[in-house]
Amino acid sequence: MVTSETRPLPNSRTEPDGSAVIRVLSYNIRSMRDDEDALSRVIRACRPDLVFVQEAPRFFRWRKHAARLAARTELVMLSGGATASGPLLLCSLRATVERTEDVLLPLTPGLHRRGFATAVVRVGGARLGLLSCHLSLRTDERYAQAGMLLDRLGAMDVPHAIAAGDVNERPGGRSFRRLAAGLRDAWEVSPWGGEYTSTPADPHQRIDAVFVTPGIEVLGCGVPVGLPGVSEADLRAATDHLPVLAALRVPAEAAPTAGRGRACGEGRSPGRDRP
């Protein structure tokens, strides 16, 4: 489904007052098991400042695979991956990193372990928290994880926050509704592009979303369509989900304390594989 709204999605910029217009991408990449060239083309074409990844590589040399994706999309690794059981955060060099934390959620015997990749960053004069998630396939566990997500954001001590990922549930489900009650569903606030994220071959449901705290202005959000240099075949070949792209305006905060942050990627070696 494509909305009737055809306005261009705003480009990234820093406003004169220090507020930041940022492009945010949420994408389930199925452990990079599909067409990596198509996947890289899609991400680059979206020109994101922040990428909330689900199903990042988690096994042998997973850091090397994730770093390769970052390099091919002109981004750097921020947090997550196997240490968050799949969710990953990537960022452009616009972001200055204050802190990161990978969170493992309680394990239900017989089910896949879930986690959150989280960070606090500054872009321009804005300070915000980030959380990438991939919620459970089981209804009761998914509902509990939605509550944990809200609690985690509340504990990050930030003026603004973005949570994005694969909810594994449609907007009418109780876990999705729990998130939308505590946050704002960016698609509902300002729909743009396409709505349905699953599956690329037959888009019929919206199970991936971007959520923001109330102070963030949503300029547009949806499945990107008509990206320069990206074909429908690329979107079908890249992975088993369609991406969600949002443009957001985040208000400025007071200048950070000297020495508090570091440039995204500083102190890391994205090209190295660590054991």
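See the values below:
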item	result
Strands (runs of 3 or more DSSP E) lying entirely in the range 66-181 (those with 2 or more residues that are open to solvent by 10 Å² or more (accessible area, probe 1.4 Å) and under 25 Å from residue 215 (Cα atoms))	95-104, 126-134
Any hit, the range 187-199, residues being charged (D, E, K, R) and out of contact with any Leu (no Cβ under 8 Å at 6 or more places or on another chain)	yes
Residues of the range 27-47 satisfying the condition of being in a loop (DSSP other than H, G, I, E, B) and open to solvent by less than 10 Å² (accessible area, probe 1.4 Å)	29
Of all residues making up the range 168-199, the number that are out of contact with any Lys or Arg (no Cβ under 7 Å at 6 or more places or on another chain) and of a type in the set (S, T, N, Q)	3
Scan of the range 212-257 for residues that are among the β-branched types (Val, Ile, Thr), at pLDDT 95 or above, in a loop (DSSP other than H, G, I, E, B) and more than 19 Å from residue 45 (Cβ to Cβ), ordered by number	213, 216
Cβ pairs under 7 Å, 6+ apart, first in the range 185-200 and within 12 Å of residue 225 (Cβ to Cβ), second among the hydrophobic types (A, V, I, L, M, F, W, C) and open to solvent by 30 Å² or more (accessible area, probe 1.4 Å)	193/2; 193/225; 194/1; 194/2; 194/225; 195/1; 196/1
Number of the exception - residue 57 against (1) part of a loop (DSSP other than H, G, I, E, B); (2) within 16 Å of residue 117 (Cβ to Cβ); (3) touching a Lys or Arg at 6+ places or on another chain (Cβ under 8 Å)	(3)
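Residues checked against (1) touching a Cys at 6+ places or on another chain (Cβ under 9 Å); (2) under 26 Å from residue 154 (Cα atoms); (3) surrounded by fewer than 16 Cβ atoms within 10 Å (Cβ to Cβ); (4) not β-branched (Val, Ile, Thr):
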{"residue": "198", "(1), (2), (3), (4)": "no, no, no, yes"}
{"residue": "202", "(1), (2), (3), (4)": "no, no, yes, yes"}
{"residue": "215", "(1), (2), (3), (4)": "no, yes, yes, yes"}
{"residue": "234", "(1), (2), (3), (4)": "no, no, no, yes"}
{"residue": "247", "(1), (2), (3), (4)": "yes, yes, no, yes"}
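The values are calculated or read from the model by the stated rules, or taken from the named source; none is laboratory data. No experiment lies behind these values; they were computed from the predicted model shown. Counting neighbours? That spans all protein chains shown, and the Cβs are built from the backbone with ideal geometry, glycine included. Note: accessible area is taken over every heavy atom of the protein model, side chains too, but ligands, DNA and RNA are not part of it. Shrake-Rupley method; radii C 1.70, N 1.55, O 1.52, S 1.80 Å.
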